[in-house]
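Everything on this sheet refers to the single structure shown next.
The values are calculated or read from the model by the stated rules, or taken from the named source; none is laboratory data. Bear in mind that the values here come from a model prediction, so they are computed numbers and not experimental data. Neighbour counts are summed over all protein chains in view; Cβ atoms, including those assigned to glycine, are modelled from backbone coordinates with ideal geometry.
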Amino acid sequence: MAMLPSDLSHHGIVENSPYRITKSGNKEAGKLSASWYFSRKEIEENSPSKRDGIDLKKETYLRKSYCTYLQDLGMRLKVPQVTIATSIVFCHRFYLRQSHAKNDRREVYDQQKELILLGERVVLATLGFDLNVHHPYKPLVETIKKFKITHNALPQVAWNFVNDG
């Protein structure tokens, strides 16, 4: 289920966002400027990762790591280079306002993987592991052809009935 912008701050997802969404839906400027341009000194001395104990060398490694990952993934998926570059810019912007310590991609992946596996088990158990579905479309089409009723309203009504069922 997708989260609404107002849900994000409640879940701690956008704690450092320059735009906080209030319950009334108005944007308020946060602590950080709305600009995405920072000096090297600002990035090195004031990054959220540094505040959370990640030194400059490790943060630089993490930035290079996700850039390389996104470049390789984009090339394997055969997306345009501008798409890859855009994903890298979004990643850089994200980590200008969020800490690597609180958003470790491996940790997030492992958490998401566990949630997906749990969801799959719930769905399978609820369905009794019965994944066989016999749709009525083929027999309906055969019956319509057999009785030669293709040029009146009955086939459409029957099709709508089948879809609604």
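Provide a single number: the residues in segment 42-57 that are closer than 20 Å to residue 106 by Cβ and free of Cβ contacts under 8 Å to residues at least 12 places away in the same chain.
The qualifying residues number 2.
If residue 56 passes every condition in (1) of a type outside the set (Phe, Trp, Tyr); (2) modelled with pLDDT of 50 or more; (3) under 27 Å from residue 115 (Cα atoms) but one, which one does it miss?
Every condition holds for residue 56 apart from (3).
For segment 34-58, how many residues are under 16 Å from residue 98 (Cβ atoms) and surrounded by 11 or more Cβ atoms within 10 Å (Cβ to Cβ)?
13
Of these, 131, 124, which one is more than 30 Å from residue 37 (Cβ to Cβ) and exposed (fewer than 10 other Cβ atoms within 10 Å of the Cβ)?
131
Can you pull out the helices (runs of 4 or more DSSP H) entirely within segment 47-165 that have at least 1 residues that are touching a Gly at 6+ places or on another chain (Cβ under 8 Å)?
Those helices (runs of 4 or more DSSP H) span 81-97.
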